1. Taking PHE254 as meeting all but one of (1) part of a helix (DSSP H, G or I); (2) aromatic (Phe, Trp, Tyr); (3) under 21 Å from PHE183 (Cα atoms), write down the number of the exception.
2. So in region 69-93, with the set limited to residues that are of a type in the set (S, T, N, Q) and modelled with pLDDT of 85 or more, which one is farthest from the chain's Cα centre (by Cα)?
3. State all residues of region 222-246 that are over 12 Å from VAL24 (Cα atoms), part of a helix (DSSP H, G or I) and not hydrophobic (A, V, I, L, M, F, W, C); if no residue qualifies, say none.
4. Restricted to region 1-58, and to residues that are among the polar types (S, T, N, Q) and part of a helix (DSSP H, G or I), which residue is farthest from PHE231 (Cα to Cα)?
5. How many of the residues in region 234-290 are among the hydroxyl-bearing types (Ser, Thr, Tyr), farther than 28 Å from ILE164 by Cα and either under 14 Å from the mean Cα position of the chain (by Cα) or buried (at least 21 other Cβ atoms within 10 Å of the Cβ) (or both)?
6. Using the structure shown, decide if MET125 is closer than 30 Å to LYS284 by Cβ and among the aliphatic types (A, V, I, L, M).
7. Taking GLU66 and the conditions (1) of a type in the set (Asp, Glu); (2) over 22 Å from the mean Cα position of the chain (by Cα); (3) crowded, with 16+ Cβ neighbours inside 10 Å, which numbered condition does it fall short on, given that it satisfies the others?
8. Would you pick out the residues in region 174-184 that are surrounded by 19 or more Cβ atoms within 10 Å (Cβ to Cβ) and modelled with pLDDT under 85?
Amino acid sequence: MVLYDYICMMVSYVVLIVVVLVGVAFLTLLERKVLGYIQLRKGPNKTGFLGLLQPFSDAIKLFTKEQTFPMMSNFNLYYFSPLLNFFLSLFLWMVFPFSMGGFSFFYSVLFFLCVSSLGVYCLMMAGWSSNSNYSMLGSIRSIAQTISYEVSMVLILMSFLFLISSLNFRKFMVYQENIWFIFFMFPLCMMWLVSSLAETNRTPFDFAEGESELVSGFNVEYSSGGFALIFLSEYSNIIFMSMVFCLICLGGDFNSFFFYFKVVFMSFFWVWVRGTLPRYRYDKLMYLAWKSYLLVSLNLLLLFWGLKVLFF
């Protein structure tokens with residue numbers, strides 16, 4: 001029986017990873033099509049029916065290109081950091097609350113925070129090991145941004161955890177049966193959404209890729225496979241943060257088919273924001289994290305703690 005459980009668990013996670021990778025492939029296509037229509041053009045429409053095979057041709061192109069590396073780079077770390085980044089972005093998906101066949105994490109929120117904070121080391125290694133001024137500057141900016149927003153993200157999440165009295169993502173579904181958290185914790189949910197955008201280095205917080213000043217940030221020296229792995233991990237994180245937002249704010253009923261439509265809509269929201277908003281100024285990004293979000297999330301944390309003590 002134990003062996004059967006282990007086999008079920010392995011099959012579940014292999015299927016999950018394959019589905020996530022296919023989702024990442026088609027999220028890139030969705031992004032290019034949506035940005036195309038926002039900018040009054042078509043987007044990819046030649047490869048396959050309506051451009052549906054475009055992600056696969058992109059993957060073949062990226063993984064068969066010539067692999068270059070800077071002569072002065074730290075070779076081992078330079079190659080290892082994109083692999084670690086990709087591995088961590090898929091490792092995050094272990095917290096997905098399966099109904100059967102997966103790990104039942106009692107501390108899945110802690111696991112999520114621990115693994116997501118390890119992503120900072122990948123940025124640091126990628127920028128430093130390239131031995132290039134541009135990539136080093138890009139990685140420093142990304143690290144400062146990621147760490148700043150992780151602080152407010154944890155405080156925002158703690159308000160939710162006070163209400164559910166658990167560290168298990170599965171509990172969010174139980175406590176949102178009658179009303180979604182977004183209706184009576186609207187400011188916190190919006191702050192979580194903006195922090196998620198900053199955490200995934202996406203517009204309007206894509207300072208690692210400020211082309212006008214930093215070329216392409218920490219990944220400027222990467223080509224072919226290394227670049228593709230960084231690209232895949234970024235989009236995997238987008239889908240994961242969309243899923244987490246749906247879990248903690250939009251009902252979290254992962255047994256329902258409707259839940260996955262909400263995840264798709266939130267992934268679309270990431271693209272929509274990219275096509276709509278201009279890039280923020282870097283000092284304002286830092287002020288937003290340390291002078292606005294930190295103070296508001298601390299005050300709201302005290303409020304929800306007080307409510308918990310008062311009524312329960």
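1. Looking at each condition in turn, PHE254 falls short on (1).
2. Of the residues in region 69-93, the ones of a type in the set (S, T, N, Q) are 73-74, 76, 81, 85, 89.
Restricting the remaining residues to those that are modelled with pLDDT of 85 or more gives 81, 85, 89.
On the way: SER81: 17, ASN85: 12, SER89: 8 Å.
Within region 69-93, the match that is farthest from the chain's Cα centre (by Cα) is SER81.
3. The answer is SER224, GLY225, GLY226, SER242.
4. The initial filter retains those residues of region 1-58 that are among the polar types (S, T, N, Q), namely 12, 28, 39, 45, 47, 54, 57.
Filter once more, keeping what is part of a helix (DSSP H, G or I): 12, 28, 54, 57.
Numbers: SER12: 25, THR28: 10, GLN54: 15, SER57: 15 Å.
Per the stated criteria, the residue is SER12.
5. Of the residues in region 234-290, 1 are among the hydroxyl-bearing types (Ser, Thr, Tyr), farther than 28 Å from ILE164 by Cα and either under 14 Å from the mean Cα position of the chain (by Cα) or buried (at least 21 other Cβ atoms within 10 Å of the Cβ) (or both).
6. yes
7. Only one criterion in (1) of a type in the set (Asp, Glu); (2) over 22 Å from the mean Cα position of the chain (by Cα); (3) crowded, with 16+ Cβ neighbours inside 10 Å is unmet by GLU66, namely (3).
8. GLN176
The values are calculated or read from the model by the stated rules, or taken from the named source; none is laboratory data. Note that the structure is a prediction, hence the values are computed from the model and not measured. Glycine gets a Cβ as well: all are built from the backbone with ideal geometry, and neighbour counts include every protein chain shown.
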